[in-house]
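To start, the structure under review is shown below, and the notes come after it.
The values are calculated or read from the model by the stated rules, or taken from the named source; none is laboratory data. What you see is a predicted model; the values in this text were computed from it and never measured. Cβ atoms come from the backbone with ideal geometry, glycine included; neighbour counts cover every protein chain shown. We work out accessible area using only protein heavy atoms, side chains counted, and drop any ligands, DNA or RNA first. Shrake-Rupley method; radii C 1.70, N 1.55, O 1.52, S 1.80 Å.
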Amino acid sequence: MMEMMKFIKIDENSRVPKYQQIIDSIIHNISNGNLTIDQKIPSINMFSEEFYLSRDTVEKAYSILKERNIITSIRGKGFYISRTKLISKVNILFLMNKLSTYKLRTYNYFIDSIGANSHTDLHIYHCDETLFLNLLDKNMAAYDYYIIMPHFKTENLEHISFTEKVLEKLKKLTPEKLILLDNSKPIFNGKTNEIYQDFENDIYVALTEGLEKIKKYEKIMLIYPEKSVYPYPKRILHGFRKFCVEHKLDFEILNKVYDDMILKRGDLFITIEETDLVSLVKQVREDEYKLGKDIGIISYNETPLKDLLGISTISTDFKVMGETTAEIILNKTKGCKIKVPFNFINRDSL
């Protein structure tokens, strides 16, 4: 431990606070390899005596280093270096509400774009408020950026973008460190970055783009899961209704694709969940209807498999969402609000 002391530099004439000099010096020596993971560092008393500093100054520095997970303390043994490889990188916490194909596409586009000089920890909180708050509590001061997809569920399994407790917790973060992804909420007076979907208008505009194709069908069914483990925004329903009413189209909203669904020529289905899409395609084939002629299908959220199978989709651009998020961090952008493009993609199923 005494050997470590020769690497620590405290400048009495500097205007930088002493506790910050301790932090910067320890981080610098981790970055250049002088300090390594699991290496024991001097106690607070030993450090203060060696550099003629007050115990409070050293204690404050150690407390901040612990909050950032750079050092750890073991009762009765002392303080140890807990992180080395990540110290010189931009550290990012990515909180995703569910592990779906399209959410992962956004994440993968982000990782591909952010580059090697960063480290991202991905956590899934399953739309659960308690799990989300616990994850944020444990990591409040440990990261340079917090990317959050805010989608939660109520006790009745209904969708809510933000809860009061979540908003309260988010306000404790530095606004410039927070990036809201997939949803928008002006909680920091324009200081927070937001890359979002407009769920109501997105589905309305996308379906309007495909109106000429859609009009050939006699009835449109939206399969919207009313109660789901991962609930969907009600704004999707509002946009769908607005489209159908405005264009005088016969429509129905169903909770799921039933095993014995009554199919009729001229039906058009819009599915949200993958399981409903699979079940519907299977029934269309079993009933010997021709997909895209007798029965139409539009699926919500684009995936490579839907492209391969020729399924028409309405979808946000996950590539733009992931890459834009990375650009915000790389360019150190502050306070931008970007709506992600939402597209109608016509294929053989329509």
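So here's what we get for this one:
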quantity: In segment 42-70, the residues that are among the β-branched types (Val, Ile, Thr), in contact with a Phe, Trp or Tyr (Cβ under 7 Å, 6 or more places away or on another chain) and either open to solvent by 30 Å² or more (accessible area, probe 1.4 Å) or at pLDDT below 90 (or both); calculated: 57
quantity: Verdict on residue 153 being more than 26 Å from residue 102 (Cα to Cα) and either without any contact (Cβ under 8 Å) to a residue 40 or more places away in the chain or over 14 Å from the mean Cα position of the chain (by Cα) (or both); calculated: no
quantity: Residues of segment 149-170 satisfying the condition of being touching a Ser or Thr at 6+ places or on another chain (Cβ under 8 Å) and open to solvent by less than 50 Å² (accessible area, probe 1.4 Å); calculated: 150, 151, 152
quantity: Condition check for residue 10: farther than 30 Å from residue 196 by Cβ, open to solvent by less than 60 Å² (accessible area, probe 1.4 Å) and in contact with a helix residue (DSSP H, G or I) (Cβ under 7 Å, 6 or more places away or on another chain); calculated: yes
quantity: Pair list, Cβ under 7 Å, 6 or more apart: segment 180-197 residue of a type in the set (A, V, I, L, M) and surrounded by 23 or more Cβ atoms within 10 Å (Cβ to Cβ), other residue assigned to a loop (DSSP other than H, G, I, E, B) and modelled with pLDDT of 85 or more; calculated: 180/150; 180/192; 181/149; 195/340
quantity: Which numbered condition residue 75 misses (of (1) open to solvent by less than 60 Å² (accessible area, probe 1.4 Å); (2) farther than 23 Å from residue 143 by Cβ); calculated: (1)
quantity: Strands (runs of 3 or more DSSP E) lying entirely in segment 46-105 (those with 1 or more residues that are touching a Lys or Arg at 6+ places or on another chain (Cβ under 9 Å), among the aromatic types (Phe, Trp, Tyr) and in contact (Cβ under 8 Å) with a residue 12 or more places away in the chain); calculated: 78-81
quantity: Qualifying residues in segment 210-233 (those that are of a type in the set (Lys, Arg) and at pLDDT 95 or above) - the one least open to solvent (accessible area, probe 1.4 Å); calculated: 219
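To keep it simple, each residue is scored yes or no on (1) outside any strand (DSSP E or B); (2) free of Cβ contacts under 8 Å to residues at least 12 places away in the same chain.
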residue	(1), (2)
212	yes, yes
220	no, no
226	yes, no
233	yes, no
239	yes, no
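The rows are residues; the columns are (1) open to solvent by less than 20 Å² (accessible area, probe 1.4 Å); (2) within 14 Å of residue 92 (Cβ to Cβ); (3) part of a helix (DSSP H, G or I); (4) not polar (S, T, N, Q).
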| site | (1), (2), (3), (4) |
| --- | --- |
| 110 | yes, yes, yes, yes |
| 121 | no, yes, no, yes |
| 142 | yes, yes, no, yes |
| 147 | yes, yes, no, yes |
| 176 | no, yes, yes, yes |
| 201 | no, no, yes, no |
